[in-house]
Amino acid sequence: MSPRELDEDDVRVRPGRGSRPRTRTRPAHEEAAPAVVVSVDRGRYRLGTDTGTVLSAVRARELGRRAVVVGDRVAVVGDVGGGPDALGRIVRVEPRTSLLRRTPDDSDPVERPVVANAEVLVVVTALADPVPRPRLVDRCLVAAYDGGLVPVLCLTKDDLAPPGQMRALYEPLGVEVVVTGPAADDPGVEVLRQRLTGRTSVLFGQSGVGKSTLVNRLVPDAYRAVGEVTGVGKGRHTSSSAVALPLPGGGTVIDTPGVRSFGLGAVTPQGVLAAFPDLAQAAAACPPGCDHLEGTPGCALDAEVGAGRATAARLDSLRRLLLALSSQDD
Ligand SMILES: Nc1nc2c(ncn2[C@@H]2O[C@H](COP(=O)(O)OP(=O)(O)OP(=O)(O)O)[C@@H](O)[C@H]2O)c(=O)[nH]1
Ligand SMILES: [Mg+2]
Ligand SMILES: [Zn+2]
């Protein structure tokens, strides 16, 4: 399934076919200006328009309960010209090319869209302080694959601990790993800058891992508040909402607040399998409802490895992610 097909809003509020006199609203909408949602704060949206102006907006009633999230491309009417008091109205949300979404926990099917239209998910994990949580990283990767984002793993604070173990865990998955440290001319930050320039990316991970610190280095005038890590890994200047910022060389980077868990209630094994094209085809021969986990009778993926058409390392990686999906977060 493509992320577009998975878009929760389609399911909920797609109007009945031909049931609405669409032409009546069309002229107003044709005057609507395109804009991107830069931040969201209690029903108020900050939008950046194509002409470089920034304005506040509210949602039009006709959007119903449709979620509007950072990264969404929208059409806005009203006082679009700018000025500090300008207030527009969002009348349309354009189809999304990707959607990072989570649920409050695994048993809860209510989706919370986090960020729309990002191409890259940078899963940020400190090598120490706070201690890395591979299970949380696995879950973020699952969400990336399911939502149509390319994951990059960024291991921060290399001055505190070496990256060997984490590298070994994630390189077999085919995930690009970038290691960063505190130095002003840190080569890892330059690699990250190269990967993110010209693209839309979102930094995601636990509180205190250094997401805002990275954003401040990538976007010199971002002024993102940076927190102090305390005993529980949550500082005073912890970020409280997602914000999209323009990269100096083109593209957009989105800083997000730290998370403690990542519910995958809306993700199916198929969503994960789709990220493994070398194994996805073989799964067609599995028994109905196969969970593809190790030891599942009749799982065709074992035979695929046995026949030399896929590697054991790839199958192990896939199974680790499927396990992250089928077991509770910790
Ligand atoms: N030792 C060390 N500390 C770092 C490094 N990068 C960031 N920090 C520190 O880590 C702490 C947390 O950094 P933030 O950038 O606020 O972390 P965050 O991921 O944005 O946290 P939330 O906004 O709470 O999600 C700050 O005290 C930073 O100075 C690094 O490479 N090495
Ligand atoms: Mg932050
Ligand atoms: Zn199977």
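The values are calculated or read from the model by the stated rules, or taken from the named source; none is laboratory data. Source: prediction; values computed, not measured. Cβ placement follows ideal geometry from the backbone for every residue including glycine, while neighbour counts extend to all protein chains displayed.
Meeting the requirement of 3 or more residues that are more than 30 Å from Gly210 (Cα to Cα), the strands (runs of 3 or more DSSP E) wholly within the range 80-142 are 87-93.
Could we say that Ser98 is in contact with a Pro (Cβ under 9 Å, 6 or more places away or on another chain) and either buried (at least 21 other Cβ atoms within 10 Å of the Cβ) or of a type in the set (Gly, Ala, Ser) (or both) here? Walk me through how you get there before you give the answer.
Details: in contact with a Pro (Cβ under 9 Å, 6 or more places away or on another chain): yes; either buried (at least 21 other Cβ atoms within 10 Å of the Cβ) or of a type in the set (Gly, Ala, Ser) (or both): yes.
Here the answer is yes, as Ser98 does meet what is asked.
When Leu301, Leu247 are checked against the criterion of being within 12 Å of ligand 3 (Cβ to nearest atom), over 17 Å from the mean Cα position of the chain (by Cα), of a type outside the set (Lys, Arg) and farther than 30 Å from Val110 by Cβ, Leu301 stands alone in meeting it. Looking across Ala242, Ala275, one residue alone is within 16 Å of ligand 3 (Cβ to nearest atom) and on the phi < 0 side of the Ramachandran plot. It is Ala275. The residues of the range 143-186 that are surrounded by fewer than 17 Cβ atoms within 10 Å (Cβ to Cβ), without any contact (Cβ under 8 Å) to a residue 60 or more places away in the chain and part of a helix (DSSP H, G or I), listed by number, are Gly164, Gln165, Arg167, Ala168, Glu171. Would you check if Asp255 is modelled with pLDDT of 90 or more, within 30 Å of Gly48 (Cα to Cα), of a type in the set (D, E, K, R) and crowded, with 16+ Cβ neighbours inside 10 Å? Considered against the rule, which asks whether it is modelled with pLDDT of 90 or more, within 30 Å of Gly48 (Cα to Cα), of a type in the set (D, E, K, R) and crowded, with 16+ Cβ neighbours inside 10 Å, Asp255 comes out as yes.
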